[in-house]
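Nothing in this text is a laboratory measurement; each read-out follows from the coordinates by a stated rule. Everything quoted here is computed from the prediction, not taken from an experiment. For neighbour counting, all protein chains shown are included, and Cβ atoms are generated from backbone atoms with ideal geometry for every residue, glycine included.
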């Protein structure tokens with residue numbers, strides 16, 4: 001394994017930016033699990049132009065990782081090599097124009113749903129139940145309660161690894177179940193979404209029902225990472241986990257939620273290794289009891305403490 005450069009030498013190789021660089025940047029604070037090691041360098045771009053210039057000027061061998069709301073993300077204990085990009089407030093705008101909504105990649109899904117409600121635009125109510133950002137939603141075609149991003153997005157905007165802007169029609173974006181066709185090293189910066197006119201009172205009630213359903217069925221007030229595994233064809237991941245006897249299963253400070261067993265929980269002192277190890281044990285037990293290989297939906301990045309990923 002090639003040696004990872006020290007933060008100081010890495011900084012020397014990075015282009016000047018209007019945003020900020022932070023060596024050994026603490027990034028666990030940006031995730032719902034609140035675990036994991038630091039970024040070798042944490043970069044907060046000032047705006048889209050600053051990000052594009054950074055990408056254009058960055059040496060090709062320096063890895064880049066984009067960090068959004070961290071709601072479906074596990075950072076391993078050894079941290080993340082290269083540059084971790086944290087998109088901030090300049091990427092969080094939400095603007096309504098008729099039944100069209102322009103949203104930045106860092107806009108919270110709930111804030112998009114709320115803006116749509118306030119403007120009397122229907123179709124966005126399900127987003128009140130997705131605890132992430134628009135950028136993450138585009139990357140994984142996020143969905144809930146029978147609807148997905150692909151039902152609303154008319155155009156997505158992304159930057160290539162060299163900072164070139166790409167405007168993507170749905171056929172270019174290529175959404176599929178919990179995924180899309182866009183290369184993993186492209187960075188979404190925003191999108192255009194389209195709803196329909198609706199009754200504000202009905203929209204409000206629909207959003208309330210979504211929130212109530214989440215409250216009743218998911219451990220949203222714990223340190224969790226959302227759905228851990230994708231639903232296999234024709235099956236529910238939580239049912240397979242439950243049937244394998246994993247509800248409440250613990251490893252170190254990590255636990256399979258008693259409330260919804262497709263959620264893993266940091267009970268207070270878990271490491272990333274505890275959480276990932278518990279997930280792998282759940283996968284093993286499900287494979288033994290059902291013959292089905294669960295696929296991680298939770299994104300895991302970085303290196304374990306003292307080792308390779």
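Each part gets one Cα centre, and for segment 119-140 versus segment 164-229 those centres are 4 Å apart. Extension gain, residue 213 to residue 9, is 68.5 nm, computed as 0.36 nm per intervening residue step minus the present C-alpha separation. Straightening the chain between residue 300 and residue 259 buys 12.5 nm, computed as 0.36 nm per residue apart minus the Cα-Cα spacing. Look at the alpha carbon pairs under 8 Å that are at least 6 residues apart: their mean separation over the length of segment 1-114 gives a relative contact order of 25 percent. Taking 0.36 nm per residue of separation and subtracting the Cα-Cα distance, full extension of the segment from residue 267 to residue 49 would add 74.4 nm. The calculated 222 nm mean residue ellipticity attributable to helices in the chain amounts to -8000 deg cm²/dmol, summing -39500 (n - 2.57) over DSSP H runs of n ≥ 4 and dividing by all residues. Which of the three applies to segment 86-208, rounded, prolate or oblate, going by the alpha-carbon gyration tensor with a ≥ b ≥ c and a/c under 1.5 meaning rounded? Prolate.
Listed from fewest to most Cβ neighbours within 10 Å, the set 110, 145 follows the order 145, 110.
In this simple spin-label model, placing a label point 7 Å from the Cα along the Cα-to-Cβ direction at both residue 202 and residue 177 gives a separation of 3.0 nm.
Taken over the chain, the convex hull of the Cα atoms encloses 132 Å³ per residue.
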